[in-house]
Amino acid sequence: MRVRARIALATIAILALADCASMATRGAVTTRLDRAIADSHRPTAERARDVYRHPRETLLFFGLRPDQTVVEILPIGGWYTRIIAPVVRSHGRYIAAMPPATPGNANGENSRQAYLSILFGAPLLDKVQVVDFDPGAGPIVADGTADMVVTFRNIHNWMSTGRAEAAFRNMYRALKPGGILGVTEHRGNEAVPQDPRARSGYVNQSYAIGLIEGVGFRLVGTSEVNANPRDTKDHPGGVWTLPPTLARGEVDRAKYLAIGESDRFTLKFVKPR
């Protein structure tokens with residue numbers, strides 16, 4: 001009995017130490033995130049969107065750690081780059097997967113150059129690595145080398161060109177077994193059948209889960225941190241009717257500003273070991 005008691009006490013002690021280590025790690029991540037979010041390198045206009053995008057809560061939900069290799073898919077304007085890259089700068093890696101700068105493709109060339117201009121001369125972004133991302137083409141990074149892949153409000157774009165499945169297959173290849181995929185997207189109305197091309201910009205949560213699990217991922221968590229119940233999802237210009245785009249200009253501007261940015265689902269997947 002004494003042996004069993006000692007084993008039980010030892011087990012409790014180990015679990016307690018593990019809990020303390022976990023809390024310490026989360027505390028360190030939270031501190032780094034808070035510093036990055038509050039840092040003056042973030043433009044005022046970007047900080048104003050924190051109330052809708054909840055970067056701290058979103059990245060903690062995904063399980064971001066300073067020692068991870070993190071790939072962000074299509075960071076474009078660098079909104080999340082300015083937050084994630086400083087957190088992993090010293091002990092991990094931040095990799096920006098951007099559209100290829102193909103000669104003759106003005107959109108690809110312009111978005112790449114605009115993104116690189118964000119990095120130029122920014123001390124906290126000096127270690128950002130930029131790679132090509134073209135769904136269904138070559139790999140993003142070497143297979144099985146990323147700890148985390150994140151993508152924000154991009155599924156509808158891939159659906160519009162019929163490349164959503166290919167995009168997530170690329171992400172699956174990039175992740176290590178046990179690696180995390182974090183996704184947010186404009187959430188559609190489940191009572192409305194999903195448009196395969198997502199022309200409104202909205203994607204039903206159940207559709208997204210089915211799509212992503214279909215390439216091998218396993219859903220391990222959902223969060224309502226980016227939910228917005230004021231979004232009716234039936235706007236005349238789709239999701240772009242809402243801020244920040246405000247596609248209708250001055251027409252009902254006050255109404256759409258009062259709604260705020262779109263209702264969004266936030267999902268966490270794992271690549272099975």
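The values are calculated or read from the model by the stated rules, or taken from the named source; none is laboratory data. Remember, it's a predicted structure, so these values are computed and weren't measured experimentally. Every residue, glycine as well, gets a Cβ built from its backbone with ideal geometry; the counts of neighbours run over all protein chains shown.
Mind listing whichever residues of the stretch 31-55 are farther than 23 Å from Thr245 by Cα and basic (Lys, Arg)?
Arg32, Arg35
Tally time: how many residues in the stretch 101-126 are surrounded by 15 or more Cβ atoms within 10 Å (Cβ to Cβ) and assigned to a loop (DSSP other than H, G, I, E, B)?
Matching residues across the stretch 101-126 total 2.
Report those strands (runs of 3 or more DSSP E) wholly inside the stretch 156-273 carrying at least 2 residues which are aromatic (Phe, Trp, Tyr).
264-270
Return the residues of the stretch 28-54 that are outside any helix (DSSP H, G or I) and not hydrophobic (A, V, I, L, M, F, W, C); say none if nothing qualifies.
If the condition is that a residue be outside any helix (DSSP H, G or I) and not hydrophobic (A, V, I, L, M, F, W, C), then Asp39, Ser40, His41, Arg42, Pro43, Arg49, His54 are the ones that fit.
Suppose the filter is over 17 Å from the mean Cα position of the chain (by Cα), buried (at least 16 other Cβ atoms within 10 Å of the Cβ) and modelled with pLDDT of 95 or more; does Gln194 pass it?
Here the answer is yes, as Gln194 does meet what is asked.
Run down Thr161, Thr184, Thr245 and say which single residue is at pLDDT 95 or above, surrounded by fewer than 12 Cβ atoms within 10 Å (Cβ to Cβ), out of contact with any His (no Cβ under 9 Å at 6 or more places or on another chain) and β-branched (Val, Ile, Thr).
Of the residues listed, the single one that is at pLDDT 95 or above, surrounded by fewer than 12 Cβ atoms within 10 Å (Cβ to Cβ), out of contact with any His (no Cβ under 9 Å at 6 or more places or on another chain) and β-branched (Val, Ile, Thr) is Thr161.
Just to be sure before I move on: is Ile95 surrounded by 15 or more Cβ atoms within 10 Å (Cβ to Cβ) and part of a loop (DSSP other than H, G, I, E, B) in the structure I sent?
Spelling it out, it is not the case that Ile95 is surrounded by 15 or more Cβ atoms within 10 Å (Cβ to Cβ) and part of a loop (DSSP other than H, G, I, E, B).
Would you point out the residue of the stretch 248-265, among those that are acidic (Asp, Glu) and more than 19 Å from Gly188 (Cα to Cα), that is surrounded by the most Cβ atoms within 10 Å (Cβ to Cβ)?
Asp252
Tell me, please, whether a residue that is assigned to a helix (DSSP H, G or I), modelled with pLDDT of 95 or more and surrounded by fewer than 20 Cβ atoms within 10 Å (Cβ to Cβ) can be found in the stretch 61-77.
Yes, some residue in the stretch 61-77 is assigned to a helix (DSSP H, G or I), modelled with pLDDT of 95 or more and surrounded by fewer than 20 Cβ atoms within 10 Å (Cβ to Cβ).
Within the stretch 176-193, track down each residue that is aliphatic (A, V, I, L, M) and within 14 Å of Gly221 (Cβ to Cβ).
Residues satisfying the conditions are Ile180, Leu181, Val183.
Among the listed residues Ser117, Ser111, Ser160, which satisfies the condition of being among the hydroxyl-bearing types (Ser, Thr, Tyr) and in contact with a strand residue (DSSP E or B) (Cβ under 9 Å, 6 or more places away or on another chain)?
Ser111 is the lone residue from the list that is among the hydroxyl-bearing types (Ser, Thr, Tyr) and in contact with a strand residue (DSSP E or B) (Cβ under 9 Å, 6 or more places away or on another chain).
Test of understanding: among Lys271, Lys255, Lys233, which residue is in contact with a Leu (Cβ under 8 Å, 6 or more places away or on another chain) and farther than 20 Å from Arg56 by Cα?
Lys271
Which residues, counting only those in the stretch 24-69, are among the polar types (S, T, N, Q) and in contact with a strand residue (DSSP E or B) (Cβ under 8 Å, 6 or more places away or on another chain)?
The answer is Thr58, Gln68, Thr69.
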